[in-house]
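Following: one structure in structure tokens, then a few remarks.
Bear in mind that the values in this text are calculations on the coordinates, not laboratory data. Just so you know, these numbers come straight off a predicted model, no measurement behind them. Glycine also receives a Cβ, built like all others from the backbone with ideal geometry; neighbour counts cover every protein chain displayed.
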Amino acid sequence: MSFACLAASKPLRGEGAQEVRQQIQITAPGPGEMPMFMGPNRQPKTGTGILRGRVIASDTGSPIRRAQVRVISPDIGAKTALTDAQGRFEFKDLPASRFNMSVTKSGFVSMQYGQNRPFEPGRPIELAEAQLMEKADVSLPRGSVLAGRVVDEFGEPVADANVSAMRMQFTNGRRRLVPSGRNATTNDLGQFRLYGLPPGDYYVSATLRSFDMMMDVVGGPGGPTGSNQSAGYAPTYYPGSPSPAEAQRVSVAVGQELASVDIALQPVRLAKITGTAIGTDGKPMAGAMIMLMPSMREAMLFGPGGTSRTNKDGQFTISGVTPGEYTLQLRSAGAMMTEVGGGAMFFAMNVNGPGEPPAGPQAEPEFASVPVSVSGEDINNLVVVSTHGAKAAGRISFEGDVKPEGLTAIRVTAPSADQEGGPMIGIGGAQVKENGSFELSGLTGTRLFRAGALPKGWFFNSVRVEGRDVTDTGIEFKPGEDVSGIEIALTNKSTSLSGSVTDDKGHAAKDYTVVVFADDQQKWLLPLNRWMTSARPDQDGRFKVSSLPPGGYYAIAVDYVAAGEWSDPDWLERARTKAAHFTLDEGGTKSLELKLGAMQ
């Protein structure tokens, strides 16, 4: 199913253009705020470009007033405008750059410029200096709605249940359910309404977990208990299954409201986890923050399965845990704000418990991560031993040993290479020093190293340790085993791929998606994969891809593929037989003329 996005409109000239300039509200970041997507120490650029357009309803063609239009570019961050009574908007003083534009309005599907189908990326806008683009028009379809009731096993309404729509999508190396659109909370009648959804297939889940049960932070472990602590409900998928694999799919068309998505929560026995945290000094760890993070093997679940903190004896309790696979994550605390891994922050209250003096700051953060399988039975006397983790030290190197300005703006991160586990808390990054060196602490497991907020004209190239390339494999860290000599190489010779696409009649195609992927199948499942990407054409019908590593690739142009679906190895295997093969040399430029193909 498709729906039109681009709408015909007349150029805005003369009095009409002047009226727009007077009525449009341009929203810039407030004083002291950092624009979105702007690197540290960078100021948004200005220029003489102008971008104008209209936003209309796709079903009636009538203008949509007060729709929020946002343009994003690394050169300006994010700028926002509101449409006037005629649905018109304008951005002025734009620099020559490549922009992405999105439009949102309550009751409609949020769309990007050039997006014609659900779940596909929009098209970029390539704007030259002093260029006037007058038809950056977008039409918004009416949003679809999934509505229903959440009830308990007795058929009684359940209030304050969190309901979300999810889509099956290939992500993080496997196909799983991923939240899509906004969430909803049931009212006192158990009713919910998920609105503004694009047409498509969804799975709907409902979760009931009160804030009091989840946050066992203020009171700490122990103390009085109430009755029926072991009775609760599992996260339930429509119409009434706790397993994502048994969830029933529901489909909605453009603007359709499906009002019979009723979910019966499945009662389960809730478990309680008690244990003791032991610090690296062998003593009980007071004031440690405990989070129980659900596994993401079948569905992307956000938010902890339970939270607690340790008392002065290092003891903790997490109550109301539903059956499932989890990772228990521990982070030390000792101050109101504690830096972990060089960047991320978390909040700690009076960590030694009510009536106890606050703990002093710790010289080095400690943490632990333990897999936990919960089947409904209590888990008692779990001992969690913390570690300082390993340290990583290295330097940034530049091709030709020419150091650009702005080294201290560069930030080095070390994300996990584990694509199966849940999210890790407390892992941040490190700012590069003036001499190009960096250091991260608190690392365990296999970590990839990446550098961001790079000086203009420089690009990430490779990561090496003792001459060994670990860019895509990562470095394994074990507690107490520090790694030094990490070299993150940057280059000023970026690869560039561009081109155009023709249809089966030889006519220039204006709406398509190009997928580029490595010809080595072993690279298809790499974490944080830099060997594959997709591109959409700009307003002139041309596509552009930059910064791919040198090597052999396939490229295919297709009419439509949903975001993320092209990273599925099964899709890539089918595409490989119809794709064009080419090679990118280091710093090389390639131009391709592709034929629009069809995928089964």
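Data for the structure
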| quantity | calculated |
| --- | --- |
| Additional length obtainable on full extension of the chain from Asp519 to Ala245, 0.36 nm per residue less Cα span | 95.4 nm |
| Label-point separation in nm, Ala508 to Gln43, each point 7 Å along Cα→Cβ | 3.8 nm |
| For the stretch 425-511, size of Cβ-based charge dipole, Lys and Arg +1, Asp and Glu -1, in debye | 260 debye |
| Inter-label distance for Lys578 and Asp469, nm, one decimal - labels placed 7 Å from Cα along Cα-to-Cβ | 3.1 nm |
| 13 Å beta-carbon shell around Asp281, net charge (K/R +1, D/E -1) | -1 |
| Label point distance in nm, Arg98-Arg182, each placed 7 Å from Cα along Cα→Cβ | 3.2 nm |
| Reachable lysines, given that their alpha-carbon falls under 24 Å from the alpha-carbon of Lys92 and they are not under 8 places away in the same chain | Lys10, Lys45, Lys79, Lys105, Lys135, Lys456 |
| Dipole magnitude (debye, nearest 20) for the stretch 496-597, charges at Cβ of Lys, Arg, Asp, Glu | 120 debye |
| Residues of type lysines that Lys478 reaches as a straight line, Cα spacing below 27 Å, ignoring anything fewer than 8 places off in the same chain | Lys283, Lys391, Lys433, Lys523 |
